[in-house]
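A.B. asks: For reference, the structure I am asking about is given below.
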Amino acid sequence: MSTKPRWFALHVRSNQERVIAEYLEAREIELFFPTYRTPSSRCDRKTTLVRPLFTGYLFVRVSLDSPKRVEVLKAPGAVRLIGFDNTPLPVPDETIESLKILVGNGADTARPHPLIKEGRKVIVMTGPFVGASGVLAMSDTRKHQLVVEVEFLGRAVMVPISPEQIKPIL
């Protein structure tokens, strides 16, 4: 009895996404390798680089009991299918379809962005508040806010902030 093919996130070794994508395509394994274009940071010439949207990952559509699953795991540079307790966890079809829409609209505007949840300590990287650190909060209107607390006074200051301006503090 064969299970229905599902999408799975494949963890790969560093900088092996493109090599593995070519390997899997040659074996007719359905995959999704979202990329984005970015200007090169080299100062000696201007060029555009194509980078993975999810560094270290690509998506494959296989059935868990299919021989194609073994082919995926045998790919040079493949690490594992992402999941829990050695059981791969499928990525919802809606998520893959949404990603395909975002990267396939021709505007080339999709960019990687760290998932920063409310309550996480962040530091401002650009804009007028560069260097400030605080806690990410959401206002009643669902706008991002940076909150800097002066704990011993029992007070805080809040300013609006764009998610593109901040990065999480580890």
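The values are calculated or read from the model by the stated rules, or taken from the named source; none is laboratory data. Nothing here was measured: the structure is a model prediction, and the numbers come from that model. Here the Cβ positions follow ideal geometry from the backbone for every residue, glycine too, while neighbour counts run over all protein chains shown.
A.B. asks: Hey, among P88, P76, which residue is under 22 Å from K4 (Cα atoms) and either in contact (Cβ under 8 Å) with a residue 12 or more places away in the chain or among the small types (G, A, S) (or both)?
C.D. replies: P88
A.B. asks: Identify, please: which residue in region 1-18 is out of contact with any strand residue (DSSP E or B) (no Cβ under 7 Å at 6 or more places or on another chain) and surrounded by 14 or more Cβ atoms within 10 Å (Cβ to Cβ) and is, among those, nearest to S98 (Cα to Cα)?
C.D. replies: R18
A.B. asks: If a residue must be over 27 Å from P112 (Cβ atoms) and either in contact with a Cys (Cβ under 7 Å, 6 or more places away or on another chain) or not in a helix (DSSP H, G or I) (or both), how many such residues does region 54-78 contain?
C.D. replies: Final tally of qualifying residues: 4.
A.B. asks: Here is a further query. Given (1) over 22 Å from P112 (Cα atoms); (2) free of Cβ contacts under 8 Å to residues at least 40 places away in the same chain, identify the lone condition not met by R42.
C.D. replies: Looking at each condition in turn, R42 falls short on (1).
Per-residue answers, yes or no, for (1) in the same structural domain as E164 (by TED's automatic domain parsing); (2) crowded, with 18+ Cβ neighbours inside 10 Å; (3) within 30 Å of I166 (Cβ to Cβ); (4) in contact with a Gly (Cβ under 7 Å, 6 or more places away or on another chain):
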site	(1), (2), (3), (4)
Y23	no, yes, no, no
Y36	no, no, yes, no
R42	no, no, yes, no
R51	no, no, yes, no
T55	no, no, yes, no
K74	no, no, no, no
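A.B. asks: With the requirement that a residue be under 23 Å from the mean Cα position of the chain (by Cα) and either touching a residue at least 60 places away in the same chain (Cβ under 8 Å) or surrounded by 12 or more Cβ atoms within 10 Å (Cβ to Cβ) (or both), what does region 116-134 give you?
C.D. replies: The answer is I116, R120, K121, V122, I123, V124, M125.
A.B. asks: Which count do you get for residues in region 76-88 that are of a type in the set (A, V, I, L, M) and either outside the structural domain of T38 (by TED's automatic domain parsing) or over 27 Å from K167 (Cβ atoms) (or both)?
C.D. replies: The total comes to 2.
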